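Novice: Take a look at the following structure, please.
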Amino acid sequence: CGCEIFQPVTSKQFTPMTECPSDECKQNNSKGQLFLSTRASKFLPFQEVKIQEMADQVPVGHIPRTLTVHCHGTLTRQINPGDVIDVAGIFLPTPYTGFKAIRAGLLTDTYLEAQHVNQHKKAYDDLVFDAKT
């Protein structure tokens, strides 16, 4: 039918539409064939980072605690493995969907929506301790 359909992605998973929802295809009772066009798509920078406690702050015999951080826009590609950072952001729950939501009850996973990242050193070995750290 020659119609363009824009499908916003609002979750972590993306399944492209297979049937054309245009009025012309509905009137003709034809499903229409859709093709994904990456040239006409708009991609936004996103990075999911797992941070953990520093080795000297973990009690002997314990496992370091971890936290998931979501970075958007200019905050992406600033953090690399081994970096020592301070992160400021909003602590949010990750909503479950489908069957997982029924089983979970009141429990949810959490993540930090990063608003600011302050990098102390590029790697743990380069870190020089001062009054702040």
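None of the figures in this text is laboratory data; all of them are computed from the coordinates on show. Not measured: the values here are computed from a predicted model. Backbone-built Cβ (ideal geometry, glycine too); neighbour counts: all protein chains shown.
Novice: Sequence-distant or interchain residues sharing an amide H contact under 5 Å with G89, placed H: which?
Specialist: Q115
Novice: Do any GluC sites (Glu not before Pro) in region 1-71 lie in a loop, going by DSSP, with at most 14 other beta-carbon atoms within 10 Å of their beta carbon, and if so which?
Specialist: For GluC sites (Glu not before Pro) across region 1-71 that sit outside H, G, I, E and B with at most 14 neighbouring Cβ atoms in 10 Å, the list reads E4, E19, E53.
Novice: For the chain, build the charge dipole from Cβ charges (+1 Lys, Arg; -1 Asp, Glu) around the Cα centre, then report which of V60, V117, V49 sits farthest towards its positive end.
Specialist: V49
Novice: With +1 on each Lys and Arg Cβ and -1 on each Asp and Glu Cβ, how big is the dipole of region 46-126 about its Cα centre, in debye rounded to the nearest 20?
Specialist: 320 debye
Novice: Let me check I have the definition right: for region 46-126, take the eigenvalues of the Cα gyration tensor, multiply each by 5, take square roots. What are those semi-axes in whole Å, largest first?
Specialist: The three semi-axes for region 46-126 are 26, 19, 9 Å.
Novice: Give me the one-decimal nm value for the distance between modelled label points at I90 and E53, 7 Å along each residue's Cα-to-Cβ direction.
Specialist: Placing both labels 7 Å along Cα→Cβ, they lie 2.9 nm apart.
Novice: In addition: Quote the charge dipole size of region 1-59 about the Cα centre in Debye, to the nearest 20; the model charges only the Cβ of Lys and Arg (+1) and of Asp and Glu (-1).
Specialist: So the dipole magnitude of region 1-59 works out to roughly 180 debye.
Novice: Next up: On a full-extension model of 0.36 nm per residue, what is the gain between Q78 and L106, subtracting their alpha-carbon distance, rounded to one decimal in nm?
Specialist: Stretched fully, the Q78-L106 segment lengthens by 6.7 nm.
Novice: Just in region 46-84: which trypsin sites (Lys or Arg not before Pro) are loop by DSSP and have at most 12 other Cβ atoms within 10 Å?
Specialist: Passing both the DSSP loop test and the Cβ count: R65, R77.
Novice: I need the phi-derived Karplus couplings for region 82-95: 6.51 cos²θ - 1.76 cosθ + 1.60, θ = phi - 60°, integer Hz, Gly and Pro marked x.
Specialist: x, 6, 9, 9, 10, 10, 10, x, 10, 8, 10, x, 9, x
Novice: Also: So what are the ³J(HN,Hα) numbers for region 4-19, from phi and the Karplus equation (6.51, -1.76, 1.60; θ = phi - 60°), rounded to whole Hz, Gly and Pro as x?
Specialist: Whole-Hz 3J(HN,Hα) from phi for region 4-19: 9, 10, 9, 10, x, 9, 10, 9, 6, 9, 10, 10, x, 5, 10, 10.
Novice: Give the long-range amide H neighbours of K121: residues separated by 5 or more places, or on another chain, with amide H under 5 Å away, using H modelled in the peptide plane at 1.01 Å from N.
Specialist: It is V84, by chain and number.
Novice: Considering only D83, D23, D56, give the residue with the highest GNM mean-square fluctuation for the chain, with springs between Cα atoms whenever their separation is below 10 Å.
Specialist: Highest fluctuation of the listed residues: D23.
Novice: Okay, moving on. Give me the number: length gained by fully extending S22 to R39, i.e. 0.36 nm times residue separation minus the C-alpha to C-alpha distance, one decimal in nm.
Specialist: Roughly 4.0 nm would be gained on extension.
Novice: As an exercise, identify the chymotrypsin sites (Phe, Trp or Tyr not before Pro) in region 6-77 lying in DSSP coil whose Cβ has no more than 11 other Cβ atoms within 10 Å.
Specialist: Hits after loop and neighbour filter: F6, F14, F35, F43.
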